[in-house]
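Report on the following structure.
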Amino acid sequence: MPGVTRLSVRNIRKSFGSHEVLKGISLDAEDGDVISLLGASGSGKSTFLRCINLLETATDGEIFVDGEQIRMVRKNGQSRPESQKQVDHIRSELGMVFQSFNLWSHMTILQNVIEGPVHVLKRPKAECIAEAEALLDKVGIADKRHAYPAHLSGGQQQRAAIARALAMKPKVMLFDEPTSALDPELVGEVLRVMRALAEEGMTMLVVTHEMSFARNVSNRVVFMRQGLVDSSGTPDDMFGSGASPAFRQFIGHFGGEQ
Amino acid sequence: MPGVTRLSVRNIRKSFGSHEVLKGISLDAEDGDVISLLGASGSGKSTFLRCINLLETATDGEIFVDGEQIRMVRKNGQSRPESQKQVDHIRSELGMVFQSFNLWSHMTILQNVIEGPVHVLKRPKAECIAEAEALLDKVGIADKRHAYPAHLSGGQQQRAAIARALAMKPKVMLFDEPTSALDPELVGEVLRVMRALAEEGMTMLVVTHEMSFARNVSNRVVFMRQGLVDSSGTPDDMFGSGASPAFRQFIGHFGGEQ
Amino acid sequence: KDWKTATITLEGAYAPWNLTNADGTLGGFEPELAKVLCERAKIECTLVASDWDGMIPALNAGKFDVIMDALSITEERKQIIDFTIPYAATPAAFATAADSPLANAAGTGATVKMTPGETGVKEIDALKEAFAGKTIGIQAATVYAKFIYDNFGASSEIREYKTGAERDLDLQNGRIDLGFDDAVYFGNAFAAANGALAFTGPEIVGPIWGEGEGLGIRKADTDLRDKFNEAIKSALADGTVKDLSMKWFKVDVSPAE
Amino acid sequence: MDIAFLSSAMVTLLKAVPMTLLLFSLSVFFGGLLALVIVTMRVSGNRILSGFAKGYIFVFRGSPLLIQMFLVFYGLGQFGVIRYSFLWPFLREPVVCAVLSLALCTAGYSAEIFRSGIRAVSPKEIEAARAIGMSGFLLVRRIIAPIAFRHALPAYSTEIVLMMKSTALASLVTVWEVTGVAQRLISQTYRTMEVFLCAALIYLVLNFLILQGMALLEHSLSKHRRAAPPSAVKA
Amino acid sequence: MATLELLGFGQNGWGALLLVATLMTLAVTATALLIGAVLGTLVATAKLSGNVLLVGLGNVYTTVFRGVPELLIIYLIYFGGSSAVTAVGQWLGYEGFLGLPSFAAGALAVGIISGSYQAEVYRGAYLAIAKGELEAASAIGMNRMLRLRRVVMPQVLRYAIPGLGNVWQLTLKDSALISVTGLAELMRTSQVAAGSTRQYFLFYIVGGVLYLLLTSFSDRVFNRAERRANRSMPAAAMGQA
Ligand SMILES: Nc1ncnc2c1ncn2[C@@H]1O[C@H](COP(=O)(O)OP(=O)(O)OP(=O)(O)O)[C@@H](O)[C@H]1O
Ligand SMILES: Nc1ncnc2c1ncn2[C@@H]1O[C@H](COP(=O)(O)OP(=O)(O)OP(=O)(O)O)[C@@H](O)[C@H]1O
Ligand SMILES: [Mg+2]
Ligand SMILES: [Mg+2]
């Protein structure tokens, strides 16, 4: 159902102490949107993703997931979510894939994947296992389902983390530099999985340094600079003539090393 | 003095248990050579570097550093260096920069850099400090000299590790994936330092995934595959028409993502 | 070896036999008696405090030469060490809380003389009946413990404590109903308990407690033992022991001839 | 060596082993429960609760168990309030007091051990759990507790061995376990060395068994840390 | 008040004796910790050596001295030690008894126990050193001794500090058991004062408070040492410590 707004972020601000990292960022993602979030190191990309699923509490601004607003209250001058229950519920609708995977080290891959559906969504275990195996198969690591995270290569861990997030059947997936810790061969594997997700119509917000992904897979590119959205548009616009001078300088870096 | 053979490796073999990782590798590096060592993950590149400075003991083969052969003896069917003293001496002539930096965490950056010259080479401390500061300045982190490694960013640590190796005035520098853990901006910084070293005529052996470095900075490219040298040659040859089919497939990966 | 010097050990925490003063010096009946005995035996003595547990092994390991710590002369101990003649012999008695229904049991104030192994003593049989089902606290591994087990083991409950002092506290706490111990020791403890505790039943005296309390000496050192025997005899004969006893115990503990 | 004496001493001491084991298991059980309460207070973030927990840990870790036990057993009874309360029928029993003071003491130590286990849980793994919507007790039960327990296990095994040794003090409060019986035997026979060697052997065996048991538990809980089985290495 | 007088420094006050006893406890504990440091280092080295015999011996040491109640070990050293010294004396022609003074025997016994705990602390600390840093040392040509002195030792000390804090606590409390040798340390002096005055609770509580004082003092020392040692660690890790 294209046209449905899955995620809407209005004027998000975030300060750490006196340092304002996000200075008012807005963004809407509709069903099937794949948005690449680019920006220099320290520009606040990770912080932005973390604010969306409330791992950080934004200082100001509004967040809607699938039309439902996250209710906030002010207490002692600090903004915080009104209801932990709502936060848990919203989080279960947002899949997050961390840069460093963050798999649970004491569980096998399969256990990692079914943990959320069984214990958070409280769905029947047998059903979850069947779905988890299908997912693991889809990302190509079905044979590793009984291995522990420590025994997997980086690329395999990354794909397990994606499967874990997908098992929650999230409305939106948030990826934080899903390939930066991988070697070139593994980068290819992970990007292939993400491309497949995009083709199935999953709504995704992807912080990345992979220009090829931004250019070829996403349908929108957002460039962040100094806590603000510097420019955004379709990949063709952004990598073509429509780019802002700052973005041109940014991608110049990458071009230079090729 | 071009033409002097700084490092010569003949027919190196190395097995871990029954798994033979290096199956007979030879390589000569003359003064001022900058050799890029390429190969897929697991092809034995790190193991090769580690055999050269005897962090691993090769099962078979000969190593000459600046014309001096490392003497080996066989004992209980295992090959091992005859004299630990010679090993220590040879190692002090080979600078090694590890992928994970391995700075000594209990010393400041300056202490890390002067440690070898003062305690291994037993040179006067004041002199070493002066040289160390010049080196740190050269790699661009002179202002961090009194900081501890844990307080530095990855790129800064990497450059400190290079300075530490250079402070020993080695005849040959060995680099193991000097940029793989860095973000694109930091990659640029480190490669700039290495390019400067190359221009000064330092002999270098560099394991890398950065095709741009292999292509533009090194004067020889060696491609390893399944424990053997698959092909080698000048960058122009290798990246041009002279490439072996395996190497062409290997670099295809990289091309595909651009 | 001609004994010019000797080391005497005592616990220093068993008032009034021996105790430690706030300035760290030792005081009480035994330190004062020791001074007299050493003078008469022409030995220069040093007093050292040590722990009751392990005092006898320490003597045999050569850490000191004499034990003077209200040490009862018993057959078991005689197999390990030698004793001088006794310098004191004390009665034993039951104690209970002053407000307890067991206070003033039959025979309180009287004295019963017993020999080892003696049975059928009517005063004891009366007590057995009165104390049936009650809990009696004793200090473990003493002659008094053996007596209680032999006579009251079947009718009363027995609880063993590591020290008499701990038993006294529990007597006040009401965890146990009765205590049984050296009567002069109790006399002193009652004073500290401000009248909360009192004797009940008769005082028991006689050979049942062995010969009394003597100095413990290594078996090899017979010459040292003989010197102290002479000194004790003379101190008993001229009433020195009695004087010190009256001073510290308010009763005479000199052993009967 | 007097074999006859040694074996009779051994028999006497072995009879006291059940008491030692009773003290040990009860105090480890109740001490563990109490430690969970204390550590929860300690990490609660509430200043009053964590202050109380800090004070508790300081007092019970910082003073000798002998003194604690003395005060619990002989001291509590000095108060009429306690002596005439419903608690007295329990506190009157020496075994109850011995277990109580052993448990109070080990709770202080164990709470610290559990806390360092909790600190060792990677914040990233906790974030990953939050990100799928876990919070509160579910988060503790599924993620924090299993990882923390595994981390705390080596230190905790040491603590329960110390606990086994601490039961030796219970003879102070008229509970005659192995060490107390050994001391009593010594004051009857004056054969210090022989008796203590027998006792030492008993404790050594008991502690060895405990440590083996804990090592087994540790092994079975660390599948995820061991080198991968051959099938997982390939491909 | 009588209580104040009993605890004071006057004629009937136990203040001076308790103070001396506290210092004695401190001295015994410190000596034992030192003895334990030497033994612990040796045992840890043995356990890390990879030599089957040494590893076995190290394991026996740590198992026995952690597994047997401290009191028994103190007895064994106090009495057994005297017999051994006497035997040596007689062999050398000295007639009569020789004994380990109670301070020496007590400190030695507690030191041996402390050594078994310290060995584990040092071993853990050694294993915590990043392998890469050792390789980096080899790679610039450091020999074994130099590497030990310049890279291993400083880091072992750093990683060992929190564990040593715990060992200090254990050793402090084990020192209370030395009272059986008659050494006038804090525990025994409290007991003697209690027995001589029959003020059991007063002196046990005062004894306990003095132990807590020693604990808080040593906590402070170890915290400071830890902060100093960790100045090279990232701020986040320090906050956790
Ligand atoms: N918990 C925090 N406390 C204080 N400052 C923080 C915190 N987290 C992030 N920052 C600061 O916020 C800024 C943005 O950080 P963020 O991690 O969002 O950057 P980023 O765009 O994701 O960078 P990168 O590409 O390096 O991951 C940085 O300057 C960082 O130092
Ligand atoms: N200590 C070891 N014991 C057993 N096998 C080892 C050991 N070190 C390396 N290997 C194996 O040797 C092979 C080569 O490893 P090496 O680290 O040299 O590869 P590499 O070319 O450096 O790969 P990468 O690009 O991933 O760093 C791998 O299959 C690895 O599993
Ligand atoms: Mg980031
Ligand atoms: Mg490698």
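At a glance:
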read-out	value
Residues of segment C:217-251 satisfying the condition of being of a type in the set (Val, Ile, Thr) and either in a strand (DSSP E or B) or farther than 23 Å from C:Asn60 by Cα (or both)	C:Ile217, C:Thr240, C:Val241, C:Val251
Close pairs from segment B:81-100: first at the interface with chain E (Cβ under 8 Å from one of its Cβ atoms), partner basic (Lys, Arg) and within 16 Å of ligand 2 (Cβ to nearest atom), Cβ under 9 Å, at least 6 apart	B:Met96/B:Arg50
Meets criteria (touching a helix residue (DSSP H, G or I) at 6+ places or on another chain (Cβ under 6 Å) and either at pLDDT below 90 or of a type in the set (A, V, I, L, M) (or both)) for B:Val65	yes
Odd one out for B:Gln158, checked against (1) free of Cβ contacts under 8 Å to residues at least 60 places away in the same chain; (2) of a type outside the set (D, E, K, R); (3) buried (at least 17 other Cβ atoms within 10 Å of the Cβ)	(1)
Failed item in (1) part of a helix (DSSP H, G or I); (2) within 19 Å of C:Gly174 (Cα to Cα); (3) open to solvent by less than 50 Å² (accessible area, probe 1.4 Å), with D:Ser85 passing the rest	(1)
Which listed residue, of E:Val60, E:Val20, is open to solvent by 50 Å² or more (accessible area, probe 1.4 Å) and at the interface with chain C (Cβ under 10 Å from one of its Cβ atoms)	E:Val20
Looking only at segment A:177-192, and only at residues there that are open to solvent by 20 Å² or more (accessible area, probe 1.4 Å) and modelled with pLDDT of 75 or more, the one that is nearest to the other protein chains (Cβ to nearest Cβ)	A:Glu177
Qualifying residues in segment D:88-125 (those that are open to solvent by 50 Å² or more (accessible area, probe 1.4 Å) and not in a helix (DSSP H, G or I)) - the one farthest from the other protein chains (Cβ to nearest Cβ)	D:Glu93
Test result for E:Ala193, open to solvent by less than 40 Å² (accessible area, probe 1.4 Å), out of contact with any Pro (no Cβ under 8 Å at 6 or more places or on another chain) and within 12 Å of chain C (Cβ to nearest Cβ)	yes
Single match in A:Asp230, A:Asp237 (criterion: modelled with pLDDT of 85 or more, more than 16 Å from ligand 2 (Cβ to nearest atom), acidic (Asp, Glu) and not in a helix (DSSP H, G or I))	A:Asp230
Hits in segment C:11-28 (condition: of a type in the set (A, V, I, L, M) and in contact with a helix residue (DSSP H, G or I) (Cβ under 6 Å, 6 or more places away or on another chain))	C:Ala13, C:Ala15, C:Leu19
The one condition in (1) without any contact (Cβ under 8 Å) to a residue 24 or more places away in the chain; (2) in a strand (DSSP E or B) that C:Arg159 fails to fulfil	(1)
Qualifying residue in segment D:57-67 (condition: touching a strand residue (DSSP E or B) at 6+ places or on another chain (Cβ under 9 Å) and within 14 Å of chain C (Cβ to nearest Cβ))	no
Selection status of B:Ser18, without any contact (Cβ under 8 Å) to a residue 60 or more places away in the chain and more than 13 Å from ligand 4 (Cβ to nearest atom)	yes
Which numbered condition B:Gln99 misses (of (1) more than 16 Å from B:Val9 (Cβ to Cβ); (2) of a type outside the set (Gly, Ala, Ser); (3) open to solvent by less than 40 Å² (accessible area, probe 1.4 Å); (4) within 15 Å of ligand 2 (Cβ to nearest atom))	(3)
Single residue of segment B:1-22 satisfying the filter (under 17 Å from B:Gly201 (Cβ atoms) and either crowded, with 18+ Cβ neighbours inside 10 Å or within 14 Å of chain D (Cβ to nearest Cβ) (or both)) that is nearest to ligand 2 (Cβ to nearest atom)	B:Leu7
Within segment A:203-227, considering residues that are under 15 Å from A:Phe250 (Cα atoms) and among the basic types (Lys, Arg), the one farthest from ligand 2 (Cβ to nearest atom)	A:Arg225
Any hit, segment D:163-175, residues being modelled with pLDDT of 90 or more and open to solvent by 20 Å² or more (accessible area, probe 1.4 Å)	yes
Test: C:Gly27 is under 17 Å from the mean Cα position of the chain (by Cα) and surrounded by fewer than 19 Cβ atoms within 10 Å (Cβ to Cβ)	yes
Filtered residues of segment B:23-57 (kept if touching a Leu at 6+ places or on another chain (Cβ under 8 Å), assigned to a strand (DSSP E or B) and crowded, with 19+ Cβ neighbours inside 10 Å)	B:Ile25, B:Leu27, B:Ala29, B:Ile35, B:Leu37
Residue in segment A:196-204 that is open to solvent by less than 10 Å² (accessible area, probe 1.4 Å), away from chain D (no Cβ under 14 Å) and in a helix (DSSP H, G or I) present	yes
Test: D:Leu22 is under 18 Å from the mean Cα position of the chain (by Cα), within 18 Å of D:Asn207 (Cα to Cα) and surrounded by fewer than 21 Cβ atoms within 10 Å (Cβ to Cβ)	yes
Number of the condition not met by B:Thr57 [criteria: (1) more than 27 Å from B:Leu152 (Cα to Cα); (2) of a type outside the set (Gly, Ala, Ser); (3) out of contact with any strand residue (DSSP E or B) (no Cβ under 7 Å at 6 or more places or on another chain)]	(3)
Identity of the residue in segment A:35-51, of a type in the set (A, V, I, L, M) and under 10 Å from the mean Cα position of the chain (by Cα), that ends up nearest to ligand 3 (Cβ to nearest atom)	A:Leu49
B:Arg225 touching a helix residue (DSSP H, G or I) at 6+ places or on another chain (Cβ under 8 Å) and within 11 Å of chain A (Cβ to nearest Cβ)	no
Hits in segment A:159-179 - residues which are assigned to a helix (DSSP H, G or I) and over 19 Å from A:Asn53 (Cβ atoms)	A:Arg159, A:Ala160
Long-range neighbours under 8 Å by Cβ, at least six apart or interchain, first residue free of Cβ contacts under 8 Å to residues at least 24 places away in the same chain within segment A:30-44, second part of a loop (DSSP other than H, G, I, E, B) and near ligand 1 (Cβ under 9 Å from one of its atoms)	A:Ser41/B:Asp183
Residue selected from segment D:126-161 under the condition among the aliphatic types (A, V, I, L, M) and within 7 Å of chain A (Cβ to nearest Cβ), by the criterion nearest to the chain's Cα centre (by Cα)	D:Ile147
3 or more residues modelled with pLDDT of 90 or more: qualifying strands (runs of 3 or more DSSP E) within segment C:9-128	C:44-49, C:92-97
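The values are calculated or read from the model by the stated rules, or taken from the named source; none is laboratory data. None of these values were measured; they are calculated from a predicted model. So basically every Cβ, Gly included, is an ideal-geometry build from the backbone, and we count neighbours across all protein chains shown. Calculation scope for accessible area: heavy atoms of the full protein, side chains included, ligands and nucleic acids excluded. Shrake-Rupley method; radii C 1.70, N 1.55, O 1.52, S 1.80 Å.
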